[in-house]
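Step one of this worksheet: look at the structure below.
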Amino acid sequence: MIMKYLDPKADITFKKIFGNHPERLISLLNALLPLSEEEQIHEIEYLPTELVPELEGHKNTIVDVLCTDSRGRKFCVEMQMEWSKAFKQRVLFNASKLYVSQAIKGEKYCALQPVYSLNLVNDIFERNTPDFIHNYRIVHDKDSNKVIEGLHFTFIELPKFTPHSVSDKRMMVLWLRFLTEINANTKEIPAELLNNPEIGKAVEDLKISGFTDAELRAYDKFWDSVSVEKTLQYDSFQEGMAQRSLEIAKKMLAKGMDEVMVREVTGLSADLIQHLKAEM
């Protein structure tokens, strides 16, 4: 019998895999965050994922996984299926809120521990570079060695990832392969993933047989909502492009340019161009 698996990027599967398995989450964070040997995470404690803002009128914000380690450092993990312009601001808000929440009256600022925000994005948002990992800190505008410590942000564009691009970082490659290669069409799991203790256990948790009917309905509903969101974004993009073509056509016609040239540049029909001329 062929075993069926669910995609780990869905909300319900991602939280099941990383939301209650400390060793697994530690492995993921150490593999994907820019941590030195001395900064590696060894022990964590899960925190409530609801970050309640103090600003009146704002809705609660939810992160997928939230934890603190034995040093007091805080770690936010989010899986984002669609990129939006506001996502970075939301990430900044969540991390800043978590940083400020450490403050105890009378305690020195130097006691505040850093916050690391790991954001896995199943979309491409930096199209001018092949780099798929983007690390941010607060640095001096002329000397990047001068850093204000406290907030660290990592964004990973999953669609750009290919195993050979980071061949020197084994665990990074394995976890990113786990996130990008396994889905509802997977029939056989690569041996390299199964042979790793933590990733092998995570693969087990993706077997469809381990989910209840209610969980499977929630899984399907998640992907339906992703599909609807993509359709809305595409329709909005197409509408914007059409409007832009009309504006260009009007400007070209106003300058007396040939109708054939206007059609070639804008892709608009001859009838529509005639209609635009009649309105001018």
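The values are calculated or read from the model by the stated rules, or taken from the named source; none is laboratory data. None of these values were measured; they are calculated from a predicted model. When we count neighbours, we look across all protein chains shown, and the Cβ atoms used for this are built from the backbone with ideal geometry, even at glycine. Please note that ligands, DNA and RNA were not included when accessible areas were found on the heavy atoms of the full protein model with its side chains. Shrake-Rupley method; radii C 1.70, N 1.55, O 1.52, S 1.80 Å.
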Local charge sum around Val139 (other residues, Cβ-Cβ under 13 Å, Lys/Arg +1, Asp/Glu -1)?
-> 0
So which lysines can Lys255 reach, going by Cα to Cα under 23 Å and dropping same-chain residues fewer than 8 places off?
-> Lys277
Taking amide H positions as placed in the peptide plane 1.01 Å from N, state which residues far from Leu151 in sequence (5 or more) or on other chains have amide H under 5 Å from it.
-> Val115, Ile138
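For the chain, give the percent of accessible area contributed by carbon and sulfur heavy atoms, probe 1.4 Å, rounded to a whole number. Kindly include the intermediate steps, with their values, before the conclusion.
Values: 8840 of 16810 Å².
Solvent-exposed carbon and sulfur of the chain make up 53 percent of the total.
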Karplus 3J(HN,Hα) series, Hz, for the stretch 65-82 with 6.51 cos²θ - 1.76 cosθ + 1.60 (x for Gly, Pro) | 9, 9, 8, 10, 9, 5, 8, x, 5, 10, 9, 9, 10, 10, 9, 10, 7, 10
Under a cut-off of 17 Å between alpha-carbon atoms, report the aspartates and glutamates in cross-link reach of Lys187, not counting same-chain residues fewer than 8 places apart.
-> Asp7, Glu204, Asp205
How would Arg170, Arg90 rank on accessible area, largest to smallest, probe 1.4 Å?
-> Arg170, Arg90
Can you give me the Cα centroid spacing of the stretch 189-214 and the stretch 239-280 in angstrom?
-> 55 Å
Points 7 angstrom from Cα along the Cβ direction at Leu216 and Lys169: gap in nanometres?
-> 3.7 nm
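Restricting the count to DSSP beta bridges whose residues both fall in the chain, what percent are antiparallel, rounded to a multiple of 5? If you can, show how the numbers build up before the last one.
Working: 16 of 30 bridges.
Here the antiparallel bridges make up roughly 55 percent for the chain.
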Please work out how much accessible surface Tyr5 shows to a 1.4 Å probe, ignoring ligands, DNA and RNA, in Å² rounded to 10.
-> 20 Å²
Once fully extended, how much extra length lies between Glu279 and Glu229, figured as 0.36 nm per residue of separation less the alpha-carbon to alpha-carbon distance?
-> 14.4 nm
Ranked highest first by average number of other Cβ atoms within 10 Å, how do 122-129, 21-28, 136-143 line up?
-> 21-28, 122-129, 136-143
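For Lys201 and Glu82, FRET efficiency with R0 = 22 Å and r from the beta-carbon atoms, rounded to 0.05?
Details: r = 29 Å, r/R0 = 1.32.
Taking R0 as 22 Å, the efficiency between Glu82 and Lys201 is 0.15.
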Quick calc: nm separation of the 7 Å Cα→Cβ label points for Thr129 and Ser70 -> 3.5 nm
Under 18 Å from a point 7 Å along the Cα-to-Cβ line of Tyr109: which residues of the stretch 121-140 have their amide N that close?
-> 138-140
hull vol. (C-alpha, convex hull) per residue for the chain, Å³ -> 235 Å³
Net length gained if the chain between Tyr99 and Val139 were fully extended (0.36 nm per residue, minus Cα distance) | 12.7 nm
